[in-house]
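The values are calculated or read from the model by the stated rules, or taken from the named source; none is laboratory data. Note that this is a predicted model, so its numbers are computed, not measured. Glycine also receives a Cβ, built like all others from the backbone with ideal geometry; neighbour counts cover every protein chain displayed. Calculation scope for accessible area: heavy atoms of the full protein, side chains included, ligands and nucleic acids excluded. Shrake-Rupley method; radii C 1.70, N 1.55, O 1.52, S 1.80 Å.
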Amino acid sequence: MWLVLAFLSATLLGFYDSFKKKSLDGNAVIPVLFLNTLFSSLIFLPFIILSANTDVLDGSIFHVGNGGWEVHKYILLKSVIVLSSWVFGYFGMKHLPLTIVGPINATRPVMVLVGALLVFGERLNVYQWIGVALAVASFFMLSRSGKKEGIDFKHDRWIYFIVLAAVLGAVSGLYDKYLMAPVEEGGVGLDTMMVQSWYNIYQCFMMLVMLLVLWLPKSKTTTPFRWDWCIVLISIFLSAADFVYFYALSVPGAMISIVSMIRRGSVVVSFLFGAVMFHEKNLKSKMVDLLLVLLGMLFLYIGSH
């Protein structure tokens with residue numbers, strides 16, 4: 001069950017990345033990110049209100065649990081980690097081809113794997129290790145493809161932004177497992193809807209401060225903001241992808257290292273968007289990198305059975 005949910009989350013995440021790239025094209029990053037957090041908050045606000053004031057959602061997967069500071073402090077930390085990852089990721093994606101960003105993000109589960117081995121004691125079999133090795137190899141091959149477009153992985157700051165975003169994303173993934181795991185298994189045992197609902201709202205307030213303090217005073221001298229309906233689609237597809245992802249992690253027996261690796265299969269959708277919608281270059285060499293990532297996903301899937 002959790003494997004099916006992981007693949008569904010990957011598909012939704014691919015559309016999210018594609019609409020994000022479209023929204024950032026020639027646009028101001030901070031307002032786009034603020035609106036993303038705002039619309040995501042508005043999606044979950046009704047569930048918070050209904051759960052707190054009625055019994056309509058009681059017993060359903062959409063019910064948002066209650067809790068005081070002892071619970072919200074964990075969610076607030078998650079908001080800081082995720083938002084930091086998003087800030088670096090949004091700026092990096094704006095300045096790099098989607099067919100470069102996608103495969104780099106696809107190596108994120110390798111970082112999650114190392115953490116899962118150290119923190120949660122998860123163990124992988126031979127097939128799963130082969131999948132990880134292929135994902136690592138794809139990263140080094142991608143750097144070769146990037147050079148054809150004048151992108152030097154060692155000296156391009158936007159590459160560092162994407163890599164840092166991936167590292168923070170991996171930290172967030174490990175933290176998610178800790179938040180969702182039952183108390184008897186060493187976790188916090190938080191309600192998945194509570195985490196997803198409130199971390200979006202906390203992020204919205206953080207981005208509002210950034211918008212007013214960092215962007216607004218310099219808005220006339222920096223890249224102007226323009227409205228794009230894809231900004232709304234960013235929030236819709238991200239919220240759906242995260243909902244399915246959190247639900248997958250809550251299923252007994254779910255392995256964060258495998259869920260995270262499958263979730264990076266979103267690169268297929270974003271790669272196709274980069275090729276068709278943005279007419280990006282050097283697709284043949286990047287296709288080899290992509291195939292390595294997909295082959296790695298296949299070995300992970302086989303190993304999980």
Q. Looking only at segment 212-232, which residues are touching a residue at least 40 places away in the same chain (Cβ under 8 Å) and either touching a helix residue (DSSP H, G or I) at 6+ places or on another chain (Cβ under 8 Å) or polar (S, T, N, Q) (or both)?
A. 214, 215, 219, 222, 223, 225, 228, 230, 231, 232
Q: Give the residue that is modelled with the highest pLDDT, with candidates limited to residues of segment 1-12 that are assigned to a helix (DSSP H, G or I) and open to solvent by 10 Å² or more (accessible area, probe 1.4 Å).
A: 12
(Q) Just to be sure before I move on: is residue 209 without any contact (Cβ under 8 Å) to a residue 60 or more places away in the chain and in a helix (DSSP H, G or I) in the structure I sent? (A) yes
**Q.** Positions within segment 27-75 being within 22 Å of the chain's Cα centre (by Cα), more than 25 Å from residue 187 (Cβ to Cβ) and not β-branched (Val, Ile, Thr), in sequence order
**A.** 27, 28, 31, 33, 34, 35, 36, 38, 39, 41, 42, 45
Q) What residue, of 216, 233, 211, is open to solvent by 40 Å² or more (accessible area, probe 1.4 Å) and touching a Phe, Trp or Tyr at 6+ places or on another chain (Cβ under 7 Å)? A) 233
Q. Do you know which residues across segment 238-268 are in a helix (DSSP H, G or I) and farther than 28 Å from residue 136 by Cβ?
A. 239, 240, 243, 247, 250
Q) Are any of the residues in segment 25-47 touching a Leu at 6+ places or on another chain (Cβ under 6 Å), over 20 Å from residue 226 (Cβ atoms), in a helix (DSSP H, G or I) and open to solvent by less than 50 Å² (accessible area, probe 1.4 Å)? A) no
Q: From the list 100, 151, pick out the single residue that is at pLDDT 75 or above and among the β-branched types (Val, Ile, Thr).
A: 100
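Give 90, 16, 74 a once-over and let me know the one that is of a type in the set (Phe, Trp, Tyr), under 18 Å from residue 240 (Cβ atoms) and either open to solvent by less than 40 Å² (accessible area, probe 1.4 Å) or in a helix (DSSP H, G or I) (or both).
Every option except 16 fails the conditions.
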Q. Just for segment 276-291: of the residues that are open to solvent by less than 30 Å² (accessible area, probe 1.4 Å) and at pLDDT 75 or above, which one is nearest to residue 140 (Cα to Cα)?
A. 289
Q.
Out of the residues in segment 48-57 meeting the condition of being part of a helix (DSSP H, G or I) and not β-branched (Val, Ile, Thr), tell me which one is most open to solvent (accessible area, probe 1.4 Å).
A. 53
Q | Residue in segment 236-245 that is open to solvent by less than 20 Å² (accessible area, probe 1.4 Å), farther than 19 Å from residue 165 by Cα, β-branched (Val, Ile, Thr) and at pLDDT 75 or above present | A | yes
Q. Tally time: how many residues in segment 108-138 are at pLDDT below 70 and within 14 Å of residue 294 (Cβ to Cβ)?
A. 1
